[in-house]
Amino acid sequence: MVAPVPEVRLATNANMAGPVVFTGQTPLTPGTPEHDLFTGLTRLGDNTLILGHRVSEWCGHSPILEEDIALANMALDLIGQTQLWLGLAGAVEGAGRTADDLAFLRDGWDFSNILLVERPNGDFGQTLMRQFLFDAWHQPMLKALEGSADARVAEIAAKAGKEVAYHVERSADLVIRLGDGTEESHTRMQRALDALWTYCGEMFIGDAIDARLAAAGIMPAPESLRPGWDALVGEVLAEATLTPPANPYAHTGGKQGKHTEHLGHLLTSMQWLQRAYPGAKW
Amino acid sequence: MSNEWPLWEVFIRGQHGLNHRHVGSLHAPDAELAIRHARDVYTRRNEGVSIWVVKSAEIAASDPNEKGPLFEPSNSKVYRHPTFYDIPDEVGHM
Amino acid sequence: MYAQMIKTAHSGVHKREDMTEQERAFQDRIDAGEKIEPRDWMPDDYRATLIRQIGQHAHSEVVGQLPEGNWITRAPTLERKAILLAKVQDEAGHGLYLYSAAETLGESRDELVRLLHEGRMKYSSIFNYPTLNWADIGAVGWLVDGAAIVNQVALQRTSYGPYSRAMVRICKEESFHARQGYSAFMAMALGTPEQKRMAQDALNRMWFPCLMMFGPSDKDSVHSEQSMAWKIKVATNDELRQKYVDQTIPQIEYLGLDLPEAGIVWNEARGHYDFDMPDWSEFFNVLKGNGPCNSDRMADRVNAWEDGAWFRDGLMAHARKARARKMAAE
């Protein structure tokens, strides 16, 4: 079932550059359970990788020291979750790729994060709003994954779930406070919500892979998470005195590798060293 | 009105049952956020399981000039310290 | 160091016969090794000097986030990225501890930040140098934090209680920094020829700026003596610099890199390494604002602060509203 793979990193000698890792599409055959699981796992891991990267861009530039520290904690959680999800994806793939190989040596079309997380940071309000809209999906998603038929998935979800429970508590609270703060903070939060709203729908639109993973009891059907998200987001926005936009449109494509222009630039800096010095050990 | 976030003093109780201990301070707009900031700032290395915060301005402290009258009397009460008592070795550790 | 060229209000040491009775009692407490605490009486100059020193130290931690932050989005592995982020986060934490220590002296953090942004307070010269390749990140942890640790270990004995306690906490956290730096640097020095070239380049570029961190020789400083008498400063710049050089050279040799300058020679008679001093005219230029990154660093910090004003004000406004609503309900 696993197709032959060109060259896989095998170097163990720290003094030597290893052979170059293949950077192409997964060798797994589409439609197989392994390919489905691999894709489901990279969707999770790519979300946390890209969002963690975006959050880390704030380092040293946030509005106050206490926020710099809080944001770093969140980014660290997301990077840690990435290591677990992509690590498992690599193991499922069975082609010798590590979490680092998947993060640093795939091109944009093989990334399967949702578009929301690659949106640029904007002002601090937009960063916080993006975080809340994502957290409000992420937490119930992990909750559902704790009951996964795949024990490895359930285990990672349980660990990540504890971290994300704190994320959503924090981001919801900040959205409420800033929405119901000054006129300026209210305006900025509303603007952020308007800008991000059409990127939320993608979280709840499943494809054939999602359907098979759900049928196998490995991951929840994306559609099933919508009512809970609607309820929490509705409640928080109401308390924040913010108005959910009427536009029901949903931008999609990220999960299938069709991204916005922003992802390429993010990957260009993130992957630069690995690309410029192939096979080096860091 | 100044918009500087007020200063809070942070007290943390670790996992081993000791009392809450003053660990430092930070700025926050209110108590709830002060606790959250304290979690992020002062428990990064697993230091604590319980957090207290109190506005620095609301702490009442003893007057350093009164150090003599406040603390010297206890200096003379050596009988409060266990080493004041000679216990025969035969009795064992006490 | 993180606090360089701290001015005391007057030069030379206050002589005992010129002191008031209160000043003499204060000096006696310091000489006896007692810690001075926030509400204790203290001479105005002691307070002012400490505010300058602790404030500059705090600013250094905060500005110090930037050169390392410069590589967070380009860190080559997930683990290195996490380590670097955790490390830079610690710097923010250290800044926070130090501002808190300065605040016990009656100066608010916002005020100290304003003085920094107006160019009326400084931060360590080292952070006005750029991080140009990935080996610089290892070098900052190993060489820059290594230099800071030498100073900060000494400062744990400083006379002002809150400063001393902040140093104890910071030193505990710093040892992780130096070790992760050396580990990252070692991977470079022992890696591919290109990585090794980056490591040597980083070492050569950072060496003299690191020696500058300790400040010019004390014999040229008019302010050191009083600070030493007050135990605000507990060792001379030259003593600390020598200690740093002595501990660092064997670490360089272990990596198999060339020494960063030709003047470094073991002196058997002294039992120390001899070494060349940095170009002090460059140092004074950096302090004056002419370093390679001064304007970028300040612009970053000022923009972060100004762009964040609406956020800080928004949260404050909400806290006031919530309080008013709660009181109305009671």
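The values are calculated or read from the model by the stated rules, or taken from the named source; none is laboratory data. Everything numeric here is computed off the predicted structure, so don't read it as measured data. Heads up, the Cβs are rebuilt from the backbone with ideal geometry, glycines too, and the neighbour counts pull from every protein chain shown. These accessible areas exclude ligands, DNA and RNA; they are computed on the full protein's heavy atoms, side chains included. Shrake-Rupley method; radii C 1.70, N 1.55, O 1.52, S 1.80 Å.
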Around C:P260 (Cβ within 11 Å, Cβ-to-Cβ, excluding C:P260; K/R +1, D/E -1) the net charge comes to -3
Using helices alone, what [θ] at 222 nm do you get for chain A, with -39,500 (n - 2.57) per DSSP H run of 4 or more residues, divided over all residues and rounded to the nearest 500? -19000 deg cm²/dmol
For the range C:174-220: accessible area per residue (Å², 1.4 Å): 39 Å²
Once both labels are modelled 7 Å past Cα along the beta-carbon direction, what's the B:A31-C:N285 spacing in nm? 5.7 nm
Could you work out the relative contact order of the range C:115-263? I mean the mean sequence separation of Cα pairs under 8 Å and 6+ apart, divided by the number of residues, in percent. 30 percent
Take the Cα radius of gyration of the protein assembly as shown and divide it by 2.2 N^0.38 Å, with N its residue count; two decimals is plenty. 1.06
Work out which residues of the range A:177-207 lose at minimum 50 square angstrom of accessible surface when the other protein chains are put back, relative to the chain isolated, with a 1.4 angstrom probe, and list them by number. A:R177, A:L178, A:D180
Using amide H atoms built 1.01 Å from N in the peptide plane, name the residues 5+ places from B:G24, or on other chains, whose amide H lies under 5 Å from its own. B:V10
Using the alpha carbon gyration tensor of the range A:71-160, what are the three equivalent-ellipsoid semi-axes (square root of 5 times each eigenvalue), largest first, in whole Å? 24, 18, 11
Per the 1.4 Å probe, what fraction of the accessible area of the protein assembly as shown, in percent, lies on carbon and sulfur atoms? 55 percent
With r defined as the distance between the Cβ atoms of C:R39 and C:M228 and R0 fixed at 35 Å, what FRET efficiency is calculated, to the nearest 0.05? 0.90
What is the gain in length, in nm to one decimal, between C:E79 and C:K7 on full extension, counting 0.36 nm per residue of separation less the C-alpha to C-alpha distance? 21.7 nm
Over chain A, with neighbouring protein chains present, the accessible area per residue in Å² at probe 1.4 Å is 37 Å²
Place a label point 7 angstrom from the Cα of C:V168 along the Cα-to-Cβ direction, then list the residues of the range B:26-67 whose backbone nitrogen is under 19 Å away. B:26, B:42-48
So what's the angle, to the nearest 10 degrees on a 0 to 90 scale, between helix A:65-93 and the longest Cα principal axis of chain A? 40 degrees
Here P(r) for the range C:255-299, Cα-Cα distances in 10 Å bins, as whole percents, is 22, 28, 28, 19, 3
Lysines within cross-link reach of C:K196: Cα-Cα under 21 Å, excluding same-chain residues under 8 positions apart? A:K281, C:K81
Between the modelled labels at B:R21 and C:R47 (7 Å from Cα along Cα→Cβ) the distance in nm is 3.1 nm
Heavy atoms only, 1.4 Å probe, whole protein assembly: order C:H223, B:H93, C:H94 by accessible area, highest first. B:H93, C:H223, C:H94
So what does C:C293 come to for accessible area, using a 1.4 Å probe and Å² rounded to 10? 10 Å²
For the residue pair A:A149 and B:N65, what label-to-label distance in nm results when each label sits 7 Å from Cα along the Cα-to-beta-carbon direction? 7.9 nm
Using protein chains only and a probe of 1.4 angstrom, how many square angstrom of C:Y46 are accessible, to the nearest 10? 0 Å²
Anchor C:K7: lysines whose Cα lies under 28 Å away (excluding residues fewer than 8 positions away in-chain): C:K15, C:K35, C:K122, C:K219, C:K231, C:K233, C:K243, C:K288
Mean ellipticity per residue at 222 nm, deg cm²/dmol - from DSSP H runs of n ≥ 4 across chain C, formula -39500 (n - 2.57): -20000 deg cm²/dmol
Please work out how much length the chain gains when fully extended from A:E239 to A:T198, using 0.36 nm per residue of separation minus the C-alpha to C-alpha distance, in nm with one decimal. 12.6 nm
So how tilted is helix A:183-196 from the main axis of chain A? Cα-based, degrees 0 to 90, rounded to 10. 40 degrees
Length-normalised contact order of the range A:33-276 in % [C-alpha pairs under 8 Å, at least 6 apart]: 25 percent
So if each residue of separation counts as 0.36 nm, and I subtract the Cα-Cα distance between C:L132 and C:N303, what length gain in nm does that give? 59.3 nm
How much solvent-accessible surface does A:V236 expose, in Å² to the nearest 10, with a 1.4 Å probe and all protein chains in place? 10 Å²
Lysines near C:K321 by alpha-carbon distance under 21 Å, same-chain residues fewer than 8 away left out - which ones? B:K55
Between C:L116, C:A329, C:N237, whose Cα lies farthest towards the positive end of the dipole of chain C when Lys and Arg beta carbons carry +1 and Asp and Glu beta carbons carry -1, centred on the Cα centre? C:A329
In the C-A interface, the accessible area buried, summed over both sides, Å² (probe 1.4 Å): 4300 Å²
Run through the DSSP bridge list for the protein assembly as shown and note the antiparallel percent, rounded to the nearest 5. 95 percent
Heads up, the range A:33-276 by the C-alpha gyration tensor (a ≥ b ≥ c square roots of eigenvalues; a/c under 1.5 rounded, else a/b over b/c prolate, else oblate) looks prolate
The B/C contact buries a total accessible area, at probe radius 1.4 Å and rounded to the nearest 100 Å², of 2000 Å²
To the nearest 20 debye, what charge dipole does chain A have about its Cα centre, counting +1 at the Cβ of each Lys and Arg and -1 at the Cβ of each Asp and Glu? 660 debye
Expressed as a whole-number percentage, the relative contact order of chain C with C-alpha contacts under 8 angstrom and at least six residues apart is 21 percent
Quick check: the angle from helix A:226-239's long axis to the longest principal axis of chain A, C-alpha only, nearest 10 degrees? 40 degrees
Semi-axes a, b, c in Å (a largest) for chain C, each sqrt of 5 times a Cα gyration tensor eigenvalue, come to 34, 29, 17
